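In what follows, a single structure is set out as C-alpha cells and then discussed.
Only the coordinates and a few stated rules stand behind these numbers; no lab work does. Just so it is clear, the model here is predicted, and its values are computed rather than measured. Positions of Cβ are backbone-derived with ideal geometry, glycine not excepted, and every protein chain shown enters the neighbour counts.
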Amino acid sequence: MEKDEFIWVWIGDADKADASLIVDYPYHNDYQKWPHKHEVYRVKANYMLMVDKPDGHDASGLRAQEHHRRQTRRSTSRRRWKSRPRKNGLHFIRWMLDCKPPPSYSKAVTFNSNVDRWQEFEFFAPGAIVQWSGAPRSGPRRAAGARPARRLFAASVSTGSRPETDGTCFYFWSTANGYKQDDPQATEALFKEIGMAFDEDKTNRRKSSRRRWARTGEENLIDIISDRARVHMRRIVQRLAREAEAAP
C-alpha cells in the first residue's frame with residue numbers, strides 16, 4: 001500500500017493485514033507548508049539500536065546536549081517533560097524553557113531573544129518514530145503537553161527502522177521544513193544538518209554500540225531514569241515478539 005510517499009508491504013498472512021496500523025505522516029502530502037526531502041541508509045546494526053537513537057548522535061547531538069546542559073544546569077524548573085505510554089507506542093514531549101537557541105536552530109533562523117525549545121516524539125512499534133521540534137520566543141509558563149501554535153522555527157522528522165538481518169537494517173528518514181517554506185535553500189540546509197547527525201550516528205556511534213551489543217547483549221545493559229522511554233519501547237517490541245511466536 002502506498003501512503004504519504006511511503007510504500008508499506010505486509011509479508012505475513014494476507015488475511016491478517018490491517019491497513020489501519022500504517023503510520024500517518026500527512027506532512028509528505030503538503031509541499032506548500034512542509035517542503036521535504038528523504039533518504040534511506042543500509043546500516044550494519046540491529047534495527048532496535050536505530051530505534052534507540054533520537055538523542056544519541058555523536059558530534060552534533062553531543063554539542064546540542066552540552067548546550068542544553070549549560071542552559072538548564074542552574075534551574076531544573078526550566079525543563080518540563082511529559083510521557084504518555086501507549087499499548088503499542090509512546091508519546092513524549094520535552095520543553096527547555098528560556099534558553100539560547102541551539103546552534104542547529106541558529107543556522108536556520110536569526111533569533112533576537114531566548115526561546116522556549118520544544119521537542120515531541122511519537123513511537124509506533126516496532127520501528128517508526130515521528131518527531132517535531134520548534135522554538136517560539138520565550139514567554140509565559142507553558143503547559144508541558146502543549147504544542148506551540150506560533151513558532152520561529154519548526155521542523156518535522158520521520159524515521160523508520162526495518163530489519164534486514166539480526167545485524168543489519170534499512171533506516172528511512174525524512175525532514176520537513178515548517179519555518180521557511182518558500183525557501184528551497186532552507187529545506188536543503190535542514191536536510192543537510194540533520195543528515196550530518198545521522199551520518200555521524202551511522203558511522204561512529206552505531207559501530208561501537210554494535211560491538212558492545214554483540215559482546216554483552218541486551219540483558220546486560222544498565223538503565224537509568226532518563227532511559228524510561230527507551231525501556232518502554234523495548235518492552236512493547238518484546239511483547240509483540242512473544243505474541244507473534246505464540247500465535248498459531
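Modelled spin-label separation between Phe172 and Gln238, with each label point placed 7 Å from Cα along the Cα-to-Cβ direction: 2.8 nm. Within the straight-line cut-off of under 30 Å between alpha carbons, the lysines reachable from Lys100 are Lys33, Lys37, Lys53, Lys82, Lys180, Lys192, Lys202, sequence neighbours fewer than 8 places apart in one chain being disregarded.
Stretching Glu245 away from His38 to a fully extended chain increases their span by 71.1 nm, per 0.36 nm per residue minus the current alpha-carbon distance.
Remark: the Arg84-Lys107 segment gains 5.1 nm on full extension, using 0.36 nm per residue and subtracting the alpha carbon distance. For Arg162 and Lys192, a Förster radius of 22 Å and the Cβ-Cβ distance give a FRET efficiency of 0.35, rounded to the nearest 0.05. Distant-in-sequence amide contacts of Tyr179, defined by a placed amide H-H separation under 5 Å and a gap of 5 or more residues or a different chain, comprise Ala154.
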